[in-house]
Amino acid sequence: MNTKAEIFNEIVEERRSIRIYDAQFPFDESAVTRSLERALLSPNSSNLQLWEFYRVKTKSKKEELVTYCLGQKSAKTANELIVIVTRKDKWKKHANFILKEAMNDFPDKLEKKHHLIMNYYKKLIPALYYSDVADISGKLKKIAADFSGTFKPIPREVTATDVRIVVHKSAALAAQTFMLSMKAEGYDSCPMEGYDSERVKKFLKLPKAAEINMIISVGKAKPEGIYGKRVRVPKNEVLFEI
């Protein structure tokens, strides 16, 4: 194992979900800034980056958000709360931005790969991400995918719900990058699911199409903030080789 792998292994081993933080421990806010910037480098589907990160740090705002997090100790004792939001509704804006940036790097003479990139963002992404209110288009895409799939391998996750799940998966990858970064900075975190999503959306003044992916609390763990030893299902039940 090389040095980088050893360091990463240590970070992964030491990361735990913390329920109680130490309010007296000095907190470097710049660690959050750096970790959020690293989270932006996370892998994501089609590089559309359909996420937003809301950093709640002022005392009054944090106290309000703690209420919407059902008063969890992990939220109440944290130095800051990070709300990770999915923005599937911004797919067109982001696709145009990514394509424009890619085209700026294209040479004068376009090759096949350049045309593939343009078709991907001009045709495939709109075909996948567009949906009407009742997602009739998604149902039709599903029928077409199932029919084509009888003859060859083809992506089958084409409905609005399928795409929504893809966007949440990308946001979760960013969340993990953020939490591991905070551990590398010497701090701790806890991803929280227990919250009133509608009140959180109103608190952040988010549009209806936005969704809360998760809320992450950060700070320095108190010893009693770790609720017991780490337990994992036996490896032979979840790790397989084919």
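Computed from the coordinates by the stated procedures, all read-outs in this text should not be read as laboratory data. For clarity, every value in this text was computed on a predicted model and none was experimentally measured. Here the Cβ is made from the backbone with ideal geometry for all residues, glycine too, and neighbour counts use every protein chain on show.
Key figures for this structure:
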| read-out | value |
| --- | --- |
| Total formal charge among the other residues, if their Cβ is under 9 angstrom from that of Thr77, Lys/Arg +1 and Asp/Glu -1 | +3 |
| Inter-part distance where region 96-114 and region 183-205 are each reduced to a Cα centre, Å | 37 Å |
| Net +/- balance of residues flanking Glu198 in space, Cβ distance below 12 Å, scoring K and R +1, D and E -1 | +2 |
| Crossing angle, helix 29-39 versus the chain [Cα axis fit, 0-90 degrees, rounded to tens] | 30 degrees |
| Share of alpha-carbon pairs per 5 Å distance bin for region 91-162, given as whole % | 3, 15, 20, 18, 17, 13, 9, 5, 1 |
| CD proxy at 222 nm, helix term only [per DSSP H run n ≥ 4: -39500 (n - 2.57); per residue of the chain; nearest 500] | -13500 deg cm²/dmol |
| At 1.306 mPa s and 10 °C, Stokes D of the chain from Kirkwood alpha-carbon radius, µm² per second | 77 µm²/s |
| Dipole of the chain, positive end: most advanced residue of Pro207, Phe27, Gly219 [Cβ charges, Cα centre] | Pro207 |
| Residue (of Thr67, Leu48, Thr159) at the positive-pole extreme of the chain, dipole from beta-carbon charges | Thr159 |
| On Cα atoms only, tilt of 160-184 relative to the major axis of the chain in degrees | 40 degrees |
| Cβ-based exposure ranking for Asp105, Asp135, Asp188, in which fewest neighbours within 10 Å come first | Asp105, Asp135, Asp188 |
| For Leu116, net neighbour charge (Lys/Arg +1, Asp/Glu -1) across residues whose Cβ lies under 14 Å away | +3 |
| Karplus-derived 3J(HN,Hα), 6.51/-1.76/1.60, for each residue of region 50-61, Hz, glycine and proline x | 7, 9, 9, 10, 10, 9, 9, 10, 5, 4, 5, 5 |
